[in-house]
Structures are given as structure tokens and as C-alpha cells.
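The values are calculated or read from the model by the stated rules, or taken from the named source; none is laboratory data. These figures come from a predicted structure and were not determined experimentally. With ideal geometry, Cβ positions are generated from the backbone for all residues, glycine too; neighbour counts draw on all protein chains shown.
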Amino acid sequence: MSTSRTLHWFRNDLRLDDNPALAEALRSNEVVPVVVLDDRFWSEDRWGHVKTGPFRTRFVLESIADLKAAIEDAGGSLLVRQGRPEEILPSLMEQWGCTTLTAQAEHTPEELDIEAAVARTVQEVGGTARWIEGHTLFHPDDLPMDLDAIPDIFTQFRKKVEKHSEVRECIAAPTALSCPDGLTSDDVPSLNDMLAQTGQTMPPADSRGVLPFKGGASEARARLKHYFWDSKKLAVYKKTRNGLVGADYSSKFSPWLAHGCISPRRIASEVYRFEDNVEANDSTYWLVFELIWRDYFRFIAMKFGSRIFHRKALKPESANRGTQRPAFEAWKEGRTKDAFVNANMRELARTGFMSNRGRQNVASYLVHDLGIDWRLGASWFEHCLLDYDPASNAGNWIYVAGVGNDPRPNRKFNTQRQAEMYDGDGKYQTLWSTDALELDVR
């Protein structure tokens, strides 16, 4: 009797729980799990920034180590390779006699180019590549409209999916993984080695950070348990979500969501359980509302493709912005004339995290006050953020820049007014103030 064998490529789905692509792989008799650290994501972009900075590099390696431990607990092994997936994956398929490759589908240009290259080289060795949806709360097939009919205004989209779509049930994590005899796990590369390849170093820990974020599905579950069940902060999420200081003003799930350490469906299912067992209110609704926003940016990326990464994105009639490097560098380093913007930018550079409120303000300031092309800011966010996601990053930036899905043209944040509203006592700005950086008064 022949044994069917599938190579499963973990991408931004670094978990066993509720993983549709893995579930598809497990339909075969044996699975060969692999992670590929693609060097393209540690290269410099057109603006001179290494795409994956030190904070996200550490988070990714921690997440892989956590995944490896979970797979080994289930009786399997995890291969960890560095290089180009289109070269590594077909070679592994030949080595281990795999006829099928499974992986989570991606939806943005660079990732789609990689998928196309992988599909081509897998086919050359007689294999088949299968791309399985797993990023979103609502499965694309369950939307009440075709992708090309996704509304250009979020509220219209939200009302339709809330009325006509249902969230699919979560898939339980496998209790056992059957891997081929002789398959042994690889070591996870060290952080220092990964950073050294791009000339980066890890900044020292900063106690002012909101959380000591650590990658991995087990850490994601621990965070969910704390925020929902131990502290019950979910019940006041809508009231506190615009905070700036401390661990629990918001859920902080975004880094784990971005790397697939937890699925949006799992989070939503726990919200529903909380509503059944504790209370249902506008805060519990609002957390799912934010997951729908995340879906929306993903579906907009699927609808418009590379356009969302262009200077004028969805608004070709919009004005051009410049690339004034001195002003941009001052913004990056928190050396502008605006203390609130500076505080947020310093937090980002030193921790890899910034609140949603902060992100809106610093993006608005860069584009509308400094007159700088939003793509430079998006590039810096990609480098810095723990929770970088290409669809959400671009979607949020073009929204604030006035070239995306904002129904109100020329939205500009009054950063001084925002500081008064959300940091009235100056606690946040004081926390991130420093005498070491001279203000740029240009």
C-alpha cells in the first residue's frame, strides 16, 4: 500500500490550531512540515530600509521555536531552512517523496510572485501546489459579494458581511502528526546570526514598552487568556482602546495575528464564548469589529492588487508628495517640532510597537504636515513593526494619506488636539521624552 506524503510550508500561519492549510496537509498519510526564512524579507527596500528589523526578526524566530516545540510534542519534526522557497521546496519534495505542497494563500504582490515561482518549480518536479485560505475572519468564499464588488467604503462592507456572512467553525489543533521515518527537526537560527546577515543589532530592552512581546502560539493563547478571562479587560475594550500607556488598554493581539500565531476565527470564537459566559456589550462587539477592519484591508488588497502600493493608490487625481530626506529622518527619529509625534516615533523605534491612535497621528503628520510621500512612512513601519502585515500596513497608510478608502477627503489629524484628548496629563509624552535628541526645527 502506497503512502501519500505532503510537504506543508508554514508561512504566516505559525500555529497548529485552526490552521486550514495544515488541515489539508494532514489528509495525507504523512506530512513534512517546513518553515523557510526567505532572504527577500531581510533585504533592503527601495527606500534603504531592511524590510524586517530586529524586533520582528526576534518575534519570528521565537514563533518558529514555539511551533517546533508544539510539532515535536505532537510526535513530528520541523524543518527550518533559509533561502528561496522556489528552490528549497521542490528539492525537499523530491528528497522526501512528496507529491503535494500545501501552504496558506497570500494576497499581496511580493508574496504572490513567490507563490507563482514556487508553483512553477514544484510543477517541474511533478508536484502540485495548493494554496489554502486562512488569513481572514470571513472566508473569501463566504462573502456576500464578488471580490471585484467589495465596497470602497468600509461601513458598507461591514454591514453586508455582518448581515449575510458567518464565521466558519475553528479547526482543532491535531493531537498527533505523522512524519516520515528519519525526519528530524532543524535548529532555529540564532537571533544574532540572523541580524548579522543584514548588519543589524538588537536594541537593548526598554522598560517603557507596553509589553515584553514574545512570539509563538503559546504566547498568543496566554495573552488571550489574560485579556479575556483573567483580567476581563475585553469588557471595557471600547472605552480604553485609545490608550497609550500600559499593557491592557487594548488587546495587543496584532503581532500574533500578523504571524499567524493565532487565527482571527479563534479570537472571535473566544469573544463569543465570553459573551455567553460573562457579558456581551459594545466592547465585545468592537473587538470583532476591528477584526472585520483587518479583513477589509486584506480583501481590498485582493481587489486592487499592486495599486494599493502605488504613490496615488486608489485616488489617481490626488496630489504628489515629496521625499524630503532630512524631514523624514527627523520624523523617524522623533526629532520633529511635535512632542506627541516624537513620543510615538521613539516608542516605535525602541520597542517595535505603537498604539493605533499613535499610528494615525504620526502618519497624518508625515503626509499632511511634512508633505512626504506615504510610502516612505510605510517602509519605516515595515522595518520596525512587530505586527507588520502588508495589506493592513498599506491599507491604513493610504487611508490616512487620502489615497485609499477614506470617504472623507483630506482627512488631517490635529496632533496637538489629539494629544490633549488622549494624553491630557502628558504622561505618555513625558514617558518617551528624552534630552538626548535635539529637536529638528525645520
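The table below lists the values:
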| read-out | value |
| --- | --- |
| Residues located in region 80-111, provided they are within 22 Å of Ala23 (Cα to Cα), under 23 Å from the mean Cα position of the chain (by Cα) and either among the hydrophobic types (A, V, I, L, M, F, W, C) or not in a strand (DSSP E or B) (or both) | Val80, Pro85, Ala103, Ala105, Glu106, His107, Glu111 |
| Total residues in region 90-115, condition farther than 21 Å from Ser28 by Cα and either exposed (fewer than 14 other Cβ atoms within 10 Å of the Cβ) or aliphatic (A, V, I, L, M) (or both) | 3 |
| Residue check for Val271: of a type outside the set (Ser, Thr, Tyr) and either modelled with pLDDT under 95 or farther than 30 Å from Ala105 by Cα (or both) | no |
| Unique residue being in contact with an Asp or Glu (Cβ under 7 Å, 6 or more places away or on another chain), of a type outside the set (A, V, I, L, M, F, W, C) and closer than 30 Å to Val245 by Cα when the list is Ser178, Ser207, Ser185, Ser218 | Ser218 |
| Qualifying residue in region 116-123 (condition: farther than 23 Å from Ala301 by Cβ and crowded, with 17+ Cβ neighbours inside 10 Å) | yes |
| Counted residues, region 186-225 - those being within 15 Å of Lys68 (Cα to Cα), touching a Pro at 6+ places or on another chain (Cβ under 9 Å) and either hydroxyl-bearing (Ser, Thr, Tyr) or modelled with pLDDT under 95 (or both) | 0 |
| Pairs with Cβ under 8 Å, 6+ apart, first in region 36-48 and at negative phi and of a type outside the set (Val, Ile, Thr), second in a helix (DSSP H, G or I) and at pLDDT below 95 | none |
| Candidate set: region 305-348, residues that are polar (S, T, N, Q) and at pLDDT 95 or above; chosen: the one surrounded by the fewest Cβ atoms within 10 Å (Cβ to Cβ) | Ser306 |
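Results for (1) surrounded by fewer than 23 Cβ atoms within 10 Å (Cβ to Cβ); (2) of a type in the set (Gly, Ala, Ser); (3) in a loop (DSSP other than H, G, I, E, B); (4) at pLDDT below 95, shown as yes or no for each residue.
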{"residue": "His383", "(1), (2), (3), (4)": "no, no, no, no"}
{"residue": "Trp397", "(1), (2), (3), (4)": "no, no, no, no"}
{"residue": "Lys412", "(1), (2), (3), (4)": "yes, no, yes, yes"}
{"residue": "Ala419", "(1), (2), (3), (4)": "yes, yes, no, no"}
